[in-house]
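The values are calculated or read from the model by the stated rules, or taken from the named source; none is laboratory data. Since the model is a prediction, treat every value here as computed from it, not as a measurement. Quick reminder, even Gly has a Cβ in these numbers, built from the backbone with ideal geometry, and neighbours come from all protein chains shown.
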Amino acid sequence: MEDVRPAREADASAICRIYNQGIEDRLATLETDLRTPEERRQWLKTRDARHPVIVAEGVVAGTEPATFSNRPPTSRAGLAAPATTILAWASLNVFNAREAYRFVADISVYVERGWRGKGVGRALLTRLVELGREQGYHKLVLSAFPFNTAGVALYERLGFRTVGIYEEQGQLDGQWVDTIVMERLL
């Protein structure tokens with residue numbers, strides 16, 4: 001992973017792709033309807049400074065020669081150029097619109113399938129905690145599935161604690177699922 005930065009409108013398609021993976025995998029959200037790049041573009045436009053979206057970018061080096069040559073490579077010349085791609089995204093979200101909750105933010109973290117378990121989520125979550133402090137939040141909260149053990153373990157490693165379980169909080173594929181409620185005081 002190379003960089004964690006604020007999301008731009010041009011990132012909408014990648015954010016959409018990664019979010020749709022989370023929806024399809026049934027590991028991270030009770031959402032069931034896939035999103036479109038245009039919907040994610042509009043969603044990005046509605047964000048304000050207190051509710052940023054961030055992305056993790058990575059450089060994926062080309063491993064196949066761009067052109068054929070019988071000579072052994074003497075440098076990176078001839079290799080496909082490295083491509084920068086969005087590996088994950090995260091956001092600080094409105095927890096509740098009531099004024100009394102203005103110091104609490106809900107968080108979202110979504111990592112591309114091939115990059116899960118490689119430190120990308122940790123980098124984004126670490127940055128979300130920093131952004132939460134910068135924006136004057138007192139607490140960050142999240143809801144996770146108990147069977148998303150890797151996600152729950154990551155949250156715990158970064159100081160989130162379980163404060164409860166919502167039993168049968170929603171239905172996925174005709175099955176009731178519980179959600180764990182976690183928080184971290186800043």
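For segment 169-177, does any single residue satisfy the condition of being in contact with a Pro (Cβ under 9 Å, 6 or more places away or on another chain), exposed (fewer than 15 other Cβ atoms within 10 Å of the Cβ), outside any loop (DSSP other than H, G, I, E, B) and at pLDDT 95 or above? No: zero hits. Among the residues of segment 134-168, those that are assigned to a helix (DSSP H, G or I) and touching a Gly at 6+ places or on another chain (Cβ under 7 Å) comprise A150, L154. Hey, does segment 71-91 have a residue that's at pLDDT 95 or above, within 27 Å of Q135 (Cβ to Cβ), part of a loop (DSSP other than H, G, I, E, B) and in contact with a helix residue (DSSP H, G or I) (Cβ under 7 Å, 6 or more places away or on another chain)? No; the residues of segment 71-91 include none that is at pLDDT 95 or above, within 27 Å of Q135 (Cβ to Cβ), part of a loop (DSSP other than H, G, I, E, B) and in contact with a helix residue (DSSP H, G or I) (Cβ under 7 Å, 6 or more places away or on another chain). Tell me whether segment 111-121 contains one or more residues that are modelled with pLDDT of 95 or more, surrounded by 15 or more Cβ atoms within 10 Å (Cβ to Cβ) and touching a Gly at 6+ places or on another chain (Cβ under 7 Å). Scanning segment 111-121, I find at least one residue that is modelled with pLDDT of 95 or more, surrounded by 15 or more Cβ atoms within 10 Å (Cβ to Cβ) and touching a Gly at 6+ places or on another chain (Cβ under 7 Å), so the answer is yes. How many residues does segment 135-164 hold that are within 21 Å of A105 (Cβ to Cβ) and surrounded by 12 or more Cβ atoms within 10 Å (Cβ to Cβ)? Result for segment 135-164: 20. Scanning segment 17-49 for residues that are more than 22 Å from Q171 (Cα to Cα) and not in a helix (DSSP H, G or I) gives T36, T46, R47, D48, A49.
Residues of segment 88-120 that are over 14 Å from Y19 (Cβ atoms) and small (G, A, S): A97, A100, A105, G114, G117, G119.
Among residues that are outside any helix (DSSP H, G or I) and charged (D, E, K, R), E130 is not included.
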